[in-house]
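Contents: one structure, followed by commentary.
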Amino acid sequence: MGIFDSFKKAARTFVEDINTPESFKKGQKFEDFTREVIFSVDRYKLIKKTHDYKQNSIDFVQDSLEPDFKFECKDTGKQFYVESKFRTWFYQGKIEFCKNDQFKRLQEINKKEPVFILIGLDGEPKDPEYVLLIPMSDIKSNSLSEEFLENYDIAHNVSIPQKKLWSLVDQSSKKDAKEIKTKIATFQKKPDTGYCIRCKDELKIDVKHPFCKTCYSEWNKHKNPTHIEKYCHICGNANKGSFAKPVCYSCYKSQ
């Protein structure tokens, strides 16, 4: 009897899968990425998660109108919401991350408890090329431009530290004087001048060789292509890139 039950369950799962729209499948995969990678169990306690497409297609649960997740920082006890959205790329230079009615709900929720919007961009939902984390308090529209999102790029393959998370809420959306100074220096530098992604020494731009000789010798001991480094190879700004991805989002976009 047990084997027939297994066949029934497998058949039911298959039917449910083919009846689930592709957009919901991608959304579910990115939600899995959200929990497994960005807000990992070692740092964040899961308080609430909205119901999936299967449940809501049968009997819609009103809690599903809330953001996808509610987490609690294990160190501080602070609670917050996260709405996860995966997008293939920009459309006419912008990303619409939600509809107007959902945007208004998110604004109202954010008045009571912090809401963050997590956007996966390019690549696959389970392994996006770029990850952007934006406090709802910084968002004025449901449509976000490339220029605006440049300020919210985070490491795409590691859990976000709690200190970094809350610094996003505290920081101003405007670039500070240090960033402006760096931008001016970058504009004035020679066109072919790049930077070592570990120590920021100047060198010729070559994304296949983004280290200076000294730092390459250090890196070569372990040869970990995804080890997080400190700077963008092209502009020299602070960037959690790697040997495999030595360029920040802004420079990647402008190439």
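Using 0.36 nm per residue and subtracting the Cα-Cα separation, the extra length available between ASN100 and VAL158 on full extension is 17.7 nm.
Among residues other than ILE160 with Cβ under 14 Å from its Cβ, the summed charge is +3 (Lys and Arg +1, Asp and Glu -1).
GLU108: net charge of surrounding residues, Cβ under 14 Å, Lys/Arg +1, Asp/Glu -1, itself excluded?
Values: positive: LYS104, ARG105, LYS111, LYS112; negative: GLU66, GLU83, ASP101, GLU113.
Neighbour charge sum, excluding GLU108 itself: 0.
Ranked by the mean number of other Cβ atoms within 10 Å per residue, highest first, peptides 205-214, 76-85, 218-227 order as 76-85, 205-214, 218-227. A simple rule links phi to the HN-Hα coupling: the Karplus curve 6.51 cos²θ - 1.76 cosθ + 1.60 with θ = phi - 60°, which for the stretch 118-134 gives 10, 10, x, 10, 6, x, 10, x, 8, 7, x, 5, 10, 10, 10, 10, 10 Hz, with x for Gly and Pro. Extension gain for THR214-ALA238 works out to 6.7 nm (0.36 nm per residue, less the C-alpha to C-alpha distance). From a point 7 Å beyond the Cα of TRP89 in the direction of its Cβ, which residues of the stretch 122-158 have a backbone N at a distance under 13 Å? Those under the cut-off are 122-123.
Modelled label-to-label distance, VAL169 and LEU46, 7 Å Cα→beta-carbon offset: nm? About 2.2 nm, to one decimal. For the residue pairs LYS49/LYS200; LYS104/LYS163; LYS25/LYS200; LYS49/LYS253; LYS112/LYS164, the alpha carbons lie more than 31 Å apart in LYS49/LYS200; LYS25/LYS200; LYS49/LYS253.
FYI, it's all coordinate maths here, none of it is from the lab. The structure presented is a predicted model; accordingly, all values stated were derived computationally and were not measured. Here the Cβ is made from the backbone with ideal geometry for all residues, glycine too, and neighbour counts use every protein chain on show.
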